[in-house]
Amino acid sequence: MARIAILLNERCHPTECQWECADYCPVNRMQQECIVEGPTGKPVISETLCIGCGICIHKCPFDAIKILNTPEADESEIVHRYGYNGFRLYRLAVPPLRGITGLLGPNGTGKSTALRILGGIEVPNLGDYAHPGSWAAAAQRFRGTALFAHLDRIRRGELRVAHKPQYVDRLSEESATVAEHIAAGGGNASAAIASLGLEDRRDRRLAELSGGELQLVAIGRTIATEADLYLFDEPSGYLDIVHRLEVARVLHRLGENHGVLVVEHDLALLDYLADQAHLLYGEPAAFGVIARAMPMRAAINSYLNGYLREENVRFRTEPVRFFSHPPKPASRLDTLVEFGALEKEFDRFHLRVAPGRLARGETVGIVGPNATGKTTFVRMLAGVETPTRGLPPPGVTVSYKPQYLKATQTASLRERSTALAGDPNFDAQLFERELVPGLHLEEVLDVALPDLSGGELQRAAVALALARPATLYLLDEPSAYLDADERIAMARLLRRQVERQAVSALVVDHDVYFLDLASDALMVFSDEGSGGRRGTGAGPFPMREGMNRLLRGIEITFRRDAETRRPRINQEGSALDREQRAKGEYYYEIPD
Ligand code: ADP
Ligand code: ADP
Ligand code: MG
Ligand code: MG
């Protein structure tokens, strides 16, 4: 069988190893040149000579090599290939002329690459990485399909595209103000600023903005641009639940008269946004295949079931299940942690959290808009922030995963766990047997922490936090940077660990599916209309009450999918939406 050999460039450090890959390669030992030094000083692995023994994969001290069998897709279907031992993208998505199409798939399977190609930003090389591609050749390849006209328009320079890139952090390096940056898109800046609620921040410099504000500005500039096709690469990043839904409404309106393509991992949001979606499958960083578009409901159900019938591809062994009835509230007798009222006063912000208790084996979600004090509350429980009034619960050992992560040490995960072996504050057995496989970290065990991608670092940080024996686990936004699959896996693992060890966890997050899968109860934070000057936190409440408190504030109701029971956002003003609002049941089925 034919093979794909991938070298993960950023992980390969050829001056810091002994070239174990080439040394141990049995083909090299037979005097053939299977792994040799390439022009960049890094190894090049011959896909024709490789026998697929896997020795180089295990010998590489940096986990920088992947060898796989070729995917089901045909070599002739390669649209783009990044170098000889680089990533390959098979097939393309079809941009809609009007309406919204989603792209849903794991990190590292080529979603951003596909968006850049369809937006005319990156010229596809059709697999011939040695030569720059051309739009004429690309259009020719798709002759007779719906993509021909699109690629030909790019070739003729007639396609106007607006692109919201995946990473918005780097906007903070620009000296422009919010209004200047949005107006530079060339269109109606005031309308975009108003529709995203940015009026009060028009004259702020980008450098002073939070991640969520930068995301809104990037989206604002994109919608303010006059274009034929709009591309949004992960628009929900850094956004709280309220803003995710606001952005969804704005994109809905855009899609009424324009074609829109969206990459998104928040399934409730994508489901609400898009009319149809392409699922992607493959092997992260090695190859990705874009499947044919399906209607939205079928696409997400197929994704949750873990099986793509049309292509006979299975991407998960177990289907993901939701429950239309809330879980039974935990017995109050089993209280594990009890906290009194806590307050924190900053110069321009006052947080009040009502007393509450956490039951043994219970995972509690913390929901609410940004800047309502969720992180401050968690930090007070973690002992990092001193409350102005009240005391964190005495005698509780906590383990804390902060919201913002930064790899400060160059060690790898394996080196960290080896260094911690024998430390009573580290459960090495749990780490190796449950957490590493449960969070799919095997492949990155030997990668230096600063070389990890955002999603990999997040999973590593959660694994390290859960390996620390504690009564109370505090995880602040653990789903950030994860793809939908990783979110599902993490939600399940967290809940199982907390139950099994009869401890408690508090999890701040904005992804409704993640919260639904992970939580037994909810704490709800709000700014009570104070414009960001005050925050209040209350709960834990049983799931039904918590969801109702949260969703009443943002005026969104959910119905249930008949097949998977997963929650789906109702269209505003639909019969169900009105009925549920009238009854005050925003999330779970109306009790008989
Ligand atoms: P996704 O958006 O699905 O996470 P990307 O399209 O960003 O995936 O990237 C897919 C893979 O392609 C990445 O894992 C990376 O290894 C590779 N890749 C992306 N951009 C480049 C590039 N400019 N040069 C080389 N490889 C790249
Ligand atoms: P959330 O996690 O809900 O987004 P945070 O707890 O991070 O909210 O912040 C709540 C408010 O407190 C914000 O307005 C933030 O600017 C302010 N704040 C947080 N930490 C500090 C601090 N150390 N000094 C002053 N203000 C702070
Ligand atoms: Mg991407
Ligand atoms: Mg926070």
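Points to keep in mind about this one:
- Take every DSSP beta bridge whose two residues both sit in segment 196-321; close to 60 percent of them are antiparallel.
- Summing +1 for each Lys or Arg and -1 for each Asp or Glu among the other residues whose beta-carbon sits under 11 angstrom from that of Arg414 gives -4.
- For peptides 443-454, 523-534, sequence by mean Cβ density within 10 Å, most packed first: 443-454, 523-534
- Alpha carbon centroid spacing (whole Å) that separates segment 372-387 from segment 241-262: 34
- Extending 7 Å from Cα along the Cβ direction at Glu555 and again at Arg29 yields two label points whose distance is 7.1 nm.
- Take every pair of alpha-carbon atoms less than 8 Å apart whose residues are at least six positions apart; their mean separation over the length of the chain yields a relative contact order of 13 percent.
- Per-residue accessible area (protein heavy atoms, 1.4 Å probe) orders Tyr588, Tyr404, Tyr167 as Tyr404, Tyr167, Tyr588, starting from the largest.
- Length gained on full extension, Arg565 to Asp334, computed as 0.36 nm times the residue gap minus the Cα-Cα distance: 80.2 nm.
- 16 Å Cα-Cα reach of Lys328 towards aspartates and glutamates, excluding residues that sit fewer than 8 places from it in its own chain: Glu362, Glu499, Asp516, Asp520, Glu545, Glu589
- Out-of-range pairs (alpha-carbon distance over 26 Å; input Lys374/Lys406; Lys66/Lys164; Lys164/Lys401; Lys59/Lys401; Lys344/Lys401): Lys66/Lys164; Lys164/Lys401; Lys59/Lys401
- A protection proxy built from the mean count of other Cβ atoms within 10 Å ranks the segments 463-474, 47-58, most packed first, as 463-474, 47-58.
- Net charge of Cβ neighbours under 13 Å - reference Thr145; Lys, Arg +1; Asp, Glu -1: +2
- Estimated distance in nm for a label pair at Ala298 and Thr48, the labels positioned 7 Å out from Cα along Cα-to-Cβ: 4.2
- Segment 481-542 and segment 189-216: distance between their alpha carbon centers, rounded to Å: 27
- For segment 230-332, the fraction of alpha-carbon pairs in successive 5 Å shells from zero, as %: 2, 10, 18, 19, 18, 14, 10, 4, 2, 1, 0
- Solvent-accessible area of Glu432 with every protein chain in place, 1.4 Å probe, in Å² to the nearest 10: 120
- Förster radius 30 Å - calculated FRET efficiency between Leu445 and Phe322 (Cβ-Cβ, nearest 0.05): 0.40
- Cβ-derived FRET efficiency at R0 41 Å, Leu420 paired with Ala354, nearest 0.05: 0.65
- Legend: calculated FRET efficiency, Asn69 to Asp347, from the Cβ-Cβ distance at R0 = 51 Å, rounded to 0.05, equals 0.30.
- Relative counts (whole %) of C-alpha pair distances in the chain, using bins that are 10 Å wide: 3, 16, 25, 27, 19, 8, 2, 0
- Beta-bridge orientation, segment 330-541: approximately 40 percent antiparallel, per DSSP, counting only bridges with both partners inside.
- Only DSSP H runs of four or more residues enter the estimate; each adds -39500 (n - 2.57), and after division by the residues of the chain the mean residue ellipticity at 222 nm equals -8500 deg cm²/dmol.
- For the listed peptides 217-227, 541-551, 566-576, a ranking on the average number of other beta carbons within 10 Å per residue, highest first, reads 217-227, 541-551, 566-576.
- Per the chain, cysteines lacking a partner by the 4.7 Å Cβ criterion: Cys12, Cys17, Cys25, Cys34, Cys50, Cys53, Cys60
- Within the chain, antiparallel bridges make up roughly 50 percent of the DSSP beta bridges whose residues both belong there.
- Difference of contour (0.36 nm per residue) and Cα-Cα distance, Glu528 to Glu180: 122.2 nm
- Taking all Cα-Cα distances within segment 330-541, those exceeding 21 Å account for 52%.
- Computed with every protein chain present, the accessible area of Met296 is close to 10 Å² [probe 1.4 Å].
- Compared with the alpha-carbon gap, the fully stretched path from Arg314 to His58 is longer by 89.6 nm at 0.36 nm per residue.
- Taken over segment 49-170, the alpha-carbon convex hull comes to 159 cubic angstrom per residue.
The values are calculated or read from the model by the stated rules, or taken from the named source; none is laboratory data. Quantities reported herein were computed from a predicted structural model and do not represent experimental measurements. A quick note on method: Cβ atoms are made from the backbone with ideal geometry, for glycine too, and the neighbour counts reach across all protein chains shown. The accessibility values were calculated without ligands, DNA or RNA, using every heavy atom of the protein model including side chains. Shrake-Rupley method; radii C 1.70, N 1.55, O 1.52, S 1.80 Å.
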